[in-house]
Amino acid sequence: MKRNPQDFRRDIAPWWPAERRHVDNGYRELPFRFARLGTPAFAIETRWSVDRLLGHLHSSSSVVRFRQSQALDPVEALESTLPRGWGVRDDERTVRWPLTMLCGRVDSAA
């Protein structure tokens, strides 16, 4: 069955911990008792082969929970389609994770 990354993300979404929403929304809804300070954009960026990316997906907590609950691996559907779009299997591509930093100021008069 041909699958795409949007299907994969939708399929594993229910198996993320509820707190994952804070990561997805940049901590905007996280209770924070300090005056928020702006921060620059941060990201982790690296070069991975398609096999490294698939290995990472296999180990994500939502995929592990999905496998335990559904007795099947949602990454398997990507293993046939993702390499075709990647190019040469050993080629490395840039993989990027945006990071969010929550910073605040402590009132020194308190």
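A few points about this structure:
- Rounded percent of accessible protein surface that carbon and sulfur make up, region 8-110, 1.4 Å probe: 52 percent
- For region 50-110, the relative contact order is 34 percent, taking Cα pairs closer than 8 Å that sit 6 or more residues apart in sequence and dividing their mean separation by the residue count.
- Answer label for Cα extents along the principal axes in Å (calculated), chosen among [x] 54, 28, 17; [y] 61, 33, 18; [z] 41, 38, 27: [y]
- Each residue of region 90-104 is assigned a 3J(HN,Hα), and the resulting list reads 7, 4, 9, 10, 6, 10, 9, 10, x, 10, 10, 10, 9, 10, x Hz, derived from the Karplus form 6.51 cos²θ - 1.76 cosθ + 1.60 (θ = phi - 60°), x at Gly and Pro.
- Acute angle (nearest 10 degrees) that the helix 76-86 long axis makes with the longest principal axis of the chain, alpha-carbon atoms: 90 degrees
- Taken about its Cα centre, the chain carries a charge dipole of roughly 280 debye when the Cβ of each Lys and Arg holds +1 and the Cβ of each Asp and Glu holds -1.
- Solvent exposure of the chain as accessible area per residue, Å², 1.4 Å probe: 73 Å²
- Percent RCO, i.e. relative contact order, over the chain, from Cα pairs under 8 Å lying at least 6 residues apart: 44 percent
- Peptide packing for 9-21, 84-96 was compared via the average number of neighbouring C-beta atoms within 10 Å per residue; ordered from the highest value, the list is 9-21, 84-96.
The values are calculated or read from the model by the stated rules, or taken from the named source; none is laboratory data. From a predicted model like this one, the values you see are computed outputs, not experimental measurements. Every residue, glycine as well, gets a Cβ built from its backbone with ideal geometry; the counts of neighbours run over all protein chains shown. Heavy atoms of the whole protein, side chains included, go into the accessibility calculation; ligands, DNA and RNA do not. Shrake-Rupley method; radii C 1.70, N 1.55, O 1.52, S 1.80 Å.
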